[in-house]
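What follows is calculated from the coordinates using simple rules that are stated; it is not laboratory data. Quick caveat, the model's predicted, so the values are computed rather than measured. As a convention, Cβ positions derive from the backbone with ideal geometry for all residues, glycine included, and neighbour counts pool all protein chains shown.
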Amino acid sequence: MKMKQWKSAGIWICLVLMIMTAPGGAFAAQAAESGAGQNLSSAKKGVQEPFKIKVVDAETGRGIPLVELKTTNNILYYTDSAGVVAFSEPGLMDQPVFFHLSSHGYDIPADMFGNRGQAVQIMPGGMITIEMNRVNIAERLYRITGQGIYRDSMLLGLGAPIQEPLINGLVMGQDSVQTITYKDKLYWFWGDTDRPAYPLGNFRVTGATSQMPQNGGLDPDAGVNLDYFTKEDGFVKSLVPQLPDGAGIAWVFGLMTAKDSAGHERLLAGYSTHNPGLSAFGILAFNDNIKEFEQVVQFPSKDDWRHPGGQATYYEENGAGYWLFTEHRMPNLRVSASYDAIIDYTQYESFTALTPGTTYNGAQTSLERDTNGQLVWGWKKNTPPLKQDQEKELIRLGVIQAADLHYYQLKDADTGEEVQISSSSVEWNDYRQRYVMIGQQLQGKTSVLGEIWYAEAPAPQGPWTHAKKIVTHNNYTFYNVAQHKNFNKDGGRVIYFEGTFTNTFTNHVATPRYNYNQVMYKLDLANPKLGLTPVQGKNGQ
């Protein structure tokens, strides 16, 4: 090679080496990884200590989960379950950054241009606390399931109150919880469950246990340590094996306990299978040895109203024990709390005003009345319940008169407007000396299935007449709410409930990490915003 060619090649080699060893070049990065080039500043390498942003409830000072922070160029961040964001955005450090703030059921005052947010001076390693005003009467506490529950807190080195703050059982998302106390533990079961490895996960029930708060479990204000039933690969196992109907999807609901013929306490559940449409209903029993449900019986017809669904609660009436279900949106289905009755579909009763043995039939509906012409509401076998919309239609048709007692016509306590319930959870409350309902509204003003209401009644079947909104969502779904009576505090004055936070049934973009997961709330029944009438002998009366 000629000298001129060598000079030219040498120049190109030098240029390449200069580029490759410059800050950010491949050789420079390689040198930094190997320990060389440590004199480069973290700023030049684009790695800086995060800035901590904490968003808190102005009333309680507690961090608010699920707050969206949006920059002026539409970068989105969401607070973790401690209300924290670890902000480390290249190009936006060491300068003021404006964040638009928004969160379902929380608010912040708008400036003169209508912007709701705050400008923050970002400094690596610094922090700021921002307050938001709670619109909800109930307070959002934390996310229970999914990946990254305390992601930002861990990035900031703050730690977390739960044992698995980043991912547990390889669960990315879980749908619709059912819980029950069994063998001195709290058992948890969910429907469809997402995983990291593939868009399709487990569609045949997943489960976990946790310690009761009084037996070493966490304070419900702090969180829940879930011990999942898992497979060898670490992902949650299917708890319902293939059933005779051959359907690919199985769900459980209406959890119950009862003693079998040998006197052993059994954990029972209603089930449905789908392929993808509804295939069958029946009863399963949990096998404590293999940690799976086994079929006890399949009910004759998938279209029959007699099957335990929704949330279940135990109660006693006239010295007899019953399991009560919210399968038909309201608590109007029950069965005697015995093993033999639970597995026999003919033993299920509905609370209804229909003439025994008849069904709803519009204007020709046959209603049972006493000798004074008054409706006879009661628990009846072989007679389906009257649903809320059916009762409303009978009122419109004049079949039920204004003087009749209407059990399921909930009204907004503030406006008198109708509140139609899509699903509910009912439990006895010692503090209120009444049955308490946490109900999900159908077709609310701000969301189709995201408005949550509080109501109470002297008996589990009602009458349910007035309700107060306690949680709201803006075009987002929060469905299949469940009360946690085992978490109640101060004699039932403080109650806890959760639901599935999802963009299903909306056109909203899914919220990262939170979507299709369970979120916990607490409600103080002494909160004057509820407007509850004091109960004699309670509430300091």
Under the 7 Å Cα-to-Cβ spin-label approximation, LEU200 and VAL399 lie apart by a distance in nanometres of 4.4
Add +1 for every Lys or Arg and -1 for every Asp or Glu among the other residues with Cβ under 12 Å from the Cβ of GLN311, and state the total.
-1
Whole-Hz ³J(HN,Hα) from phi, Karplus 6.51 cos²θ - 1.76 cosθ + 1.60, for the range 85-96, glycine and proline x:
10, 9, 8, 8, 9, x, x, 10, 8, 6, 6, x
Simple SL model, points at 7 angstrom along Cα→Cβ for THR72 and GLN95; separation in nm is 0.9
Please report, for the Cα atoms of the range 81-154, the Rg to one decimal and the Dmax as a whole number; what are they, in angstrom?
14.2, 39
Report, by chain and number, residues whose modeled amide H sits under 5 Å from the one on TRP428, excluding near sequence neighbours (fewer than 5 apart, same chain).
VAL436
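If R0 is 35 Å, what FRET efficiency do you get for GLN121 and ARG62 from their C-beta distance, rounded to 0.05? Spell out each step's value before the answer.
On the way: r = 25 Å, r/R0 = 0.70.
Using R0 = 35 Å, I get an efficiency of 0.90.
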Report, in deg cm²/dmol and to the nearest 500, the calculated mean residue ellipticity at 222 nm for the chain, where each DSSP H run with n ≥ 4 adds -39500 (n - 2.57) and the sum is divided by the residue count.
-2500 deg cm²/dmol
Under the Karplus relation 6.51 cos²θ - 1.76 cosθ + 1.60, θ = phi - 60°, what is the ordered set of whole-Hz ³J(HN,Hα) values for the range 132-149, x standing for Gly and Pro?
10, 8, 7, 8, 4, 7, 7, 10, 6, 9, 5, 8, 9, 10, x, 7, x, 4
How about the range 401-501: which GluC sites (Glu not before Pro) there lie in a loop by DSSP and see at most 13 other Cβ atoms within 10 Å?
GLU417
Kirkwood Rh for the range 216-262 from C-alpha pairs, in Å, is 14.8
Evaluate the range 159-244: find the radius of gyration of its Cα atoms, find its Kirkwood radius, and give the ratio Rg to Rh.
0.98
GLY223 long-range amide H proximity, modeled H, under 5 Å:
none
Can you give me the angle between helix 388-397 and the longest principal axis of the chain, using Cα atoms only, in degrees from 0 to 90, rounded to the nearest 10?
50
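Loop only per DSSP, at most 14 neighbouring Cβ atoms within 10 Å: give me the chymotrypsin sites (Phe, Trp or Tyr not before Pro) in the range 100-179, ordered by residue number.
Numbers: sites: TYR106, PHE113, TYR142, TYR150; in loops: PHE113, TYR150.
Passing both the DSSP loop test and the Cβ count: PHE113.
At 10 °C and a viscosity of 1.306 mPa s, what translational diffusion coefficient does Stokes-Einstein give for the range 404-541, taking Rh as the Kirkwood radius over Cα pairs? Give it in µm²/s as a whole number. Working shown, then result.
On the way: Rh = 15.5 Å.
Estimated via Stokes-Einstein, D reaches 103 µm²/s.
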Under the Karplus curve 6.51 cos²θ - 1.76 cosθ + 1.60, θ = phi - 60°, whole-Hz ³J(HN,Hα) for the range 69-84, x wherever Gly or Pro sits
10, 10, 6, 5, 10, 6, 7, 9, 10, 10, 5, 7, 5, 9, x, 10
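Compute the convex hull volume of the Cα atoms of the chain, divide it by the residue count, and report the result per residue in Å³ as a whole number. Can you show the working numbers first?
Details: hull volume 123.4 nm³, N = 541.
Hull volume over Cα atoms, normalised by residue count, gives 228 Å³.
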For the range 111-125 versus the range 476-541, the gap between their alpha-carbon centres in whole angstrom:
31
Assertion target for THR346, THR179, ordered by fewest C-beta neighbours within 10 angstrom first, is THR346, THR179
Positive-end residue of LEU156, LEU267, TRP428, charge dipole of the chain with Cβ unit charges:
LEU156
Any residue on another chain or 5+ positions along whose placed amide H is under 5 Å from the amide H of GLY117 is listed here as LEU101, ASP111
Give me the Kirkwood hydrodynamic radius of the range 53-96, using the inverse of the mean 1/r over all pairs of distinct Cα atoms, in Å to one decimal.
11.3
Across the range 466-541, what fraction of all alpha-carbon pairs, as a whole percent, falls in each successive 10 Å bin from zero upward?
16, 39, 29, 13, 3
Surface/4 estimate of mean projected area, convex hull on alpha-carbon atoms of the range 103-210, nm²:
10.6
